Every structure is written in C-alpha cells, then in structure tokens.
Amino acid sequence: MNNLILGLSSGIACLSYCVPVILPFYLARGNRVGKNFSDLLLFMSGRLAGYLLFGIAAFFTGRFLLENNPYRGYLLGGTYIIFSIFLILEFFRKRTCTARKLEAVRGKLKVRGLLFPLLLGFLTGINLCPTFMLAFTEASSMNNLLECLWFFFLFFVGTTVYFVPIPLLGLLRNREGVRIVGRFLLVLVGIWFIYKGIMLILASGGII
Amino acid sequence: MNKTLKKIIVTALLTAPFAFGSYFVTGLFSWRSDGLLQPISVLAVWLFINTMLFITLFTGKTDKVRAILFITMAIAFPIGFILQLFELRGHFMTAVMSDVISGNVPFCHIVIPQTIIPAVFTKQIVFPGTMDLGFQHSASFMIIFWLGVSLFIGKGWCSWTCFYGGWEDGCSRLSRKARIKLNPKLVWGAVAVLLLVILTTIETASPTYCLWLCPFKACSEFFEVASPLLAVQTVIFIVLFIGLVIILPFLSKKRVQCMVLCPFGAFQSAVDKINPFDIRIDKTKCLKCKKCIKECPVMAISEASLEKGKMGFSCMKCGKCVDICPGKAAHFHIKGTPVGGAFARVARTIFLYLAFTIFAGIGAGIISSALYRILLLITTGSMLTQ
C-alpha cells in the first residue's frame, strides 16, 4: 500500500506541475479525444518502462546492500528519514517539471512522431524526486524481483490515476487547489514516512 | 393590530410545527423514568431549542442563535459522554489500542470517511464502533444519520450538527478582533489530511486519524498512557486541541481545526453537492465592502468567489455572512431558484426547519444528558447514576 500512497501523493503534485506542459503538447495540436488518449498511452508506457527499470535497480541495490546486513533496519529507517525530509523540503521549493525542461530541448533533439511521447514518458518516469527515492528505498527491502516490479507498477498506477482524465480537460478547472493539496500532501506523507523510519530504527534497536 | 404583535403571532405560528415535531425528535414523548430529573432536563432542552428557533425566525438573524446552540452542545458533550463512559468502564480512558481497532469504543462522525472509503477498497471496516453505549453510538446509526443530514443540509453539518465544532466556534468569538491573519490557502489543508488519512487507513487497517490526529480526544476519551508511543500520541492530541481548537481560533477568529485538519469536513465539502441548499451573493446588491471575506469563520469567501456570487468549498452555512452583509446581498438559497427576494426567505425558513430538526435529533440528547448530570449533582451531590 505504501507504493500507492507515494504514487498518489506525488501524482497530484506531478499532475499539477506537469500538465500545463504536457497538455498543450498533446492537446493543443487539435487532435481528437481518441488520438489524445493514444498519445497519453504512449507517454504512460514510457513512464512505466522507466518505473520498471527502477524496480529492477531497486532489487539489485537491495541484494547488494541489505541482504544479510545486520544494520538493515537502521539503513532503511535512516534512508526513509532522509528522503522524507527532502520530500517535506519540496513544499518550499519552486517546482519545475521534467517535461517542461524536455519541452525546451525538444526542438533541438528533433524527435518526432510516436517516439517523442514515449521518450518523454520514459524520462519523466526516471525523475529522481524524493518520492521516487522513497519508493526506491521501500522496494530495495523486498525479497524478490517480481515483488519489486509489482511495487513499482503499483507506484506507477498511483501516479497515473491523475493523468487519465487529462484528455477530457475537466480536471484543470481548479488547478491552483489541486496544486496546494499536492504540496500539503507532500509534507504529510513526508511526516508519515519519517514516523515509519523512526519506528524501523526503534524496532531494529529492540526498543519497541 | 400592532405590527410587532402581528410579527410575534406569525413567528409563533411558524415555530409551532417545529415544536410539535421536536416533541417527538427530542424523545420528550417517550421518557420512562422513575425520577423527575430526566424529564425536566429533556423538557428544558425542548423549550430551549424552540425558543432559539423562535428568536431566529423573529429577528431574521441566524448565526448568533446558532452559535449559542452549537457551543452549548459542544460544552455539554464531554459532561454527558465522559460520565457515561466512566459508569460503563470505571474510567474514561480507552484501555488499549486494540479497543479502537476492534471497535470497542463509541463511533463518531469524524471516522466516517476513514471507515466507508477504505471499506470500499478493502472490504474491511476498520472502526466498527460497537461499544455498549446504545444504538446512537454505533457505526450503522452514525452512517445512516450522516447520509440523511448530508441530503438535507450537506456541509451545514459542520455548523449545526457536529458536537465538537462548538469549541472552536466559541473560542473564535472570544476576542473582539483578529490578532493574526491566516493564509486562505490553508483551507486546502483538510483535503490533504483526508487523502492521507484514507490512504494510511487502507495501509495500516487502523483508524489513523483517531490514533494520531484527533484533537477532540482531549474532550472525550484518552488512551491509557501505557507506552512511550501512547504518550507521544497523547501529547499530539493535547497540542492539537490547544493549538488548533483554542489558541489559533482565538487569535484569528477563524475555525482553524475545521479548515486545516478535519477530514470529515473536507469529505463533507464533497458530499455537499447532493444537498439543495447553499449560500449565494446577489451581485447586483453587493457593495464590495468585503466585510464577508473578513468575517467568514472558514475563509469560504474570496474576491473571486464574490465575483461569481458563490461561496468556496469550505462554506458551512453558518449564516454569518447573511447576517452581517450591509447590502443584504448574501442569502440562503435553494439550488435552481433565483437568488434573493422572497425565494431567499423561503429558502432560509426551510433550511432552518431542517437544521433545527437535525440539531434537535442529536443535540437535544447531548444537552439534556449533561443537564441531567448537573441536576443530579445539585440534588444528590454526585454526577453518577450508579
């Protein structure tokens, strides 16, 4: 369930910041809703590929760093706390979306057709934001590769929920509110994961 | 006939149907008791509520009378509730965490979103609320009651029905002017809390709001502080109560906890769409004085919403803006009807009937229970029945 929580918490923020870039790109071209959905599908496929790649990386990182490690609980707990603090600091940072940066270099890259939505999705999918790193930490504690991939798949689902209505345009009516809720949620989820990190450390130390 | 006398008669006639209905709703008709204290308590509360409705209809002012009822209910709630728990348990503390998870504590409305939404996904009720304090404390009663209230007055629950809200409503009225100004963006805080509470409830299969965030533990029941973790939770409850329910409302004249923390309030804002009432601004009469923006206790009015003639999503239908508007531009309104004029008077009257009936249904029991304990103390020297 953590994967969904992380996905949903960063999904709102991601949506509210990235949509103004993604939306004009996909929708302002005057395509029909069906075409918009197919573009979105390509974009999401790219993102999923990025997420699953991270799932594999998280598994091997976990194998390398955490397996049979007596400090496993401290390491995971500490990582939770550090990335959670970064997550909370996101509240104060003026965010820009990877998609925005990519849009700026799109002309230079001269990538067109089906490939660009796919590439855009992949590159936004491997965006190293604190939420993503928290998910990475959580996944690296898992025992098998399939579990890791499933974790990142659900994390992807959590973030994707918000993107589905994009072609229907309706969600942007109150973008300011969505963005504020997203930022508040970053702080709250950060606090939640700090709590989890502390509990993990206390449990490792045999205190609770 | 004297104009005032005529107005009194018309108001009395308007109050009469409610007086008849509330005779049943308050339970006055069905009391079974050997002593006189219980019927005296219920009768006094019945008279109190009817008098308040009469004053509301007679004066045309809503918010101050509502606040008297609302604050009385909030103060009365811990008196009756804590003593009832004390008689049942021998102490007023929840013994262990598993009591909460197994539902061996009374159910309150704030738990509704973290009960029904996770239940949809997980098919598990994380807070059954089955303690033997009567049907009105069970989850099934509260959810049915909530559905009914939501259909009739929607988000009006937060100003007319919530038995906690009166604490901060009262504190927000203690100072004459606001000493601090809050950022209007804070109204979105409760939505974020709601999302977090739902997601963490699904993850942990436990009512996380009750375990970690509920400031009203401070005026209902505590956990027994049996571990460092429970001590931390208890400190959180007390800090949130003192900070968000007492100090910040006093300093800002806003209902801070309701806006920033309460997941039920945020949930109710979404549910509000299904009820027929809202508050609207007649743009042709608006003087643009912005008094309503300054005075709204939940920051539901902004310049943008004034332009649209509609309230923001945090509006609790307390009626304060309607009362204070110098241009008489703010009105109670039934969706789909014209704003203002005779429609506004009809909308307000129907809304008041519904709100007072709902208040009688839940508040009368709470206030009469507290009054009964006070009368018991006066006559026997003890507030306990056993």
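Okay, here's what the table says:
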read-out: Scope region B:237-251; condition within 28 Å of B:Ser150 (Cβ to Cβ) and either more than 14 Å from chain A (Cβ to nearest Cβ) or not aliphatic (A, V, I, L, M) (or both); matching residues; value: B:Phe237, B:Phe241, B:Leu244, B:Val245, B:Leu248, B:Pro249
read-out: Residue match in region B:254-264 (condition: under 20 Å from B:Ile112 (Cα atoms), in contact with a Pro (Cβ under 7 Å, 6 or more places away or on another chain) and more than 14 Å from every other protein chain (Cβ to nearest Cβ)); value: yes
read-out: Qualifying positions in region B:235-274 - touching a Lys or Arg at 6+ places or on another chain (Cβ under 8 Å) and outside any helix (DSSP H, G or I); value: B:Lys253
read-out: Close pairs from region B:269-290: first among the hydroxyl-bearing types (Ser, Thr, Tyr), partner at pLDDT 90 or above, Cβ under 7 Å, at least 6 apart; value: B:Ser269/B:Lys155; B:Ser269/B:Phe313; B:Ser269/B:Ser314
read-out: In region B:352-375, the residues that are in contact with a Ser or Thr (Cβ under 7 Å, 6 or more places away or on another chain) and under 21 Å from B:Arg89 (Cβ atoms); value: B:Tyr372
read-out: Residue match in region B:339-361 (condition: over 30 Å from B:Phe20 (Cβ atoms), assigned to a loop (DSSP other than H, G, I, E, B) and modelled with pLDDT under 95); value: yes
read-out: Considering residues of region B:215-236 that are surrounded by 21 or more Cβ atoms within 10 Å (Cβ to Cβ) and under 23 Å from B:Trp188 (Cα atoms) only, the residue farthest from the other protein chains (Cβ to nearest Cβ); value: B:Phe216
read-out: Unique residue being at pLDDT 65 or above and either touching a Phe, Trp or Tyr at 6+ places or on another chain (Cβ under 9 Å) or within 14 Å of chain B (Cβ to nearest Cβ) (or both) when the list is A:Phe59, A:Phe64, A:Phe43; value: A:Phe43
read-out: Qualifying residue in region B:364-379 (condition: of a type outside the set (A, V, I, L, M), in contact with a helix residue (DSSP H, G or I) (Cβ under 8 Å, 6 or more places away or on another chain) and free of Cβ contacts under 8 Å to residues at least 24 places away in the same chain); value: no
read-out: Residues of region B:180-210 that turn out to be in contact (Cβ under 8 Å) with a residue 60 or more places away in the chain, under 21 Å from B:Ala139 (Cα atoms), within 10 Å of chain A (Cβ to nearest Cβ) and not polar (S, T, N, Q), as a count; value: 5
read-out: Some residue of region B:184-201 being of a type in the set (S, T, N, Q), closer than 15 Å to B:Val111 by Cβ and surrounded by fewer than 23 Cβ atoms within 10 Å (Cβ to Cβ); value: no
read-out: Within region B:60-74, tally of residues that are out of contact with any helix residue (DSSP H, G or I) (no Cβ under 7 Å at 6 or more places or on another chain) and either of a type in the set (A, V, I, L, M) or without any contact (Cβ under 8 Å) to a residue 24 or more places away in the chain (or both); value: 1
read-out: Some residue of region B:29-36 being part of a helix (DSSP H, G or I), among the hydroxyl-bearing types (Ser, Thr, Tyr) and within 30 Å of B:Phe223 (Cα to Cα); value: no
read-out: Members of region A:51-79 that are within 30 Å of A:Leu119 (Cα to Cα), surrounded by fewer than 20 Cβ atoms within 10 Å (Cβ to Cβ) and in contact (Cβ under 8 Å) with a residue 40 or more places away in the chain; value: A:Leu52, A:Leu53, A:Ile56, A:Ala57, A:Thr61
read-out: Members of region B:291-328 that are in a helix (DSSP H, G or I), touching a residue at least 60 places away in the same chain (Cβ under 8 Å) and in contact with a strand residue (DSSP E or B) (Cβ under 7 Å, 6 or more places away or on another chain); value: B:Val322
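The values are calculated or read from the model by the stated rules, or taken from the named source; none is laboratory data. Not measured: the values here are computed from a predicted model. Ideal geometry is used to build each Cβ from the backbone, glycine not excepted, and the neighbour counts take in all protein chains shown.
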